[in-house]
Amino acid sequence: MVWSFMAQAVPLATAKAQLAGLVQAAETGQVVHISRRGKPVAVLLSEQAYQALMPQGAAATLWRGISNWRNAGQADATDDWPLGPHADEPEQWRDRSAGRSVELG
């Protein structure tokens, strides 16, 4: 689909009062820029235009990226990693070692 990308600039108060009309304009391919006190704060566009901007599987890519980032600092041997081999199990996150000895007195 070809988008005309005619842009409208609308103050927030006007957008509140004319939301239905602005949504209809977005559905026809117009991009609506919403401003607060003269500063741009949001853009209203159709669902189809939004989907065209999003890469396929964006949510899966995000979580894959987070997982890669978390794993990037891990040593080759999982026992060397501070959380150990069961890092995905929250009950294993607590350090249950005896700790250091302390002399009192």
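Of the beta bridges DSSP finds with both residues in the stretch 7-53, what % are antiparallel, to the nearest 5?
Working: 5 of 10 bridges.
Taking every DSSP beta bridge within the stretch 7-53, about 50 percent pair in antiparallel fashion.
Measuring nothing but how far apart in sequence close Cα pairs (under 8 Å, 6+ apart) lie, relative to its length, the stretch 7-53 scores a relative contact order of 37 percent.
Computed packing ranks the peptides 7-18, 23-34 as 23-34, 7-18, most packed first, by mean other Cβ atoms within 10 Å. Amide H contacts for VAL10 (H built 1.01 Å from N in the peptide plane; partners 5 or more residues away or on another chain; cut-off under 5 Å): HIS33, ILE34, SER35. Close amide H pairs (under 5 Å, H built 1.01 Å from N) link GLN30 with no residue at least 5 positions away or on another chain.
None of the figures in this text is laboratory data; all of them are computed from the coordinates on show. Every value quoted in this text rests on a predicted model; they were computed, and no experiment measured them. Every residue, glycine among them, receives a Cβ derived from its backbone with ideal geometry; neighbour counts consider all protein chains shown.
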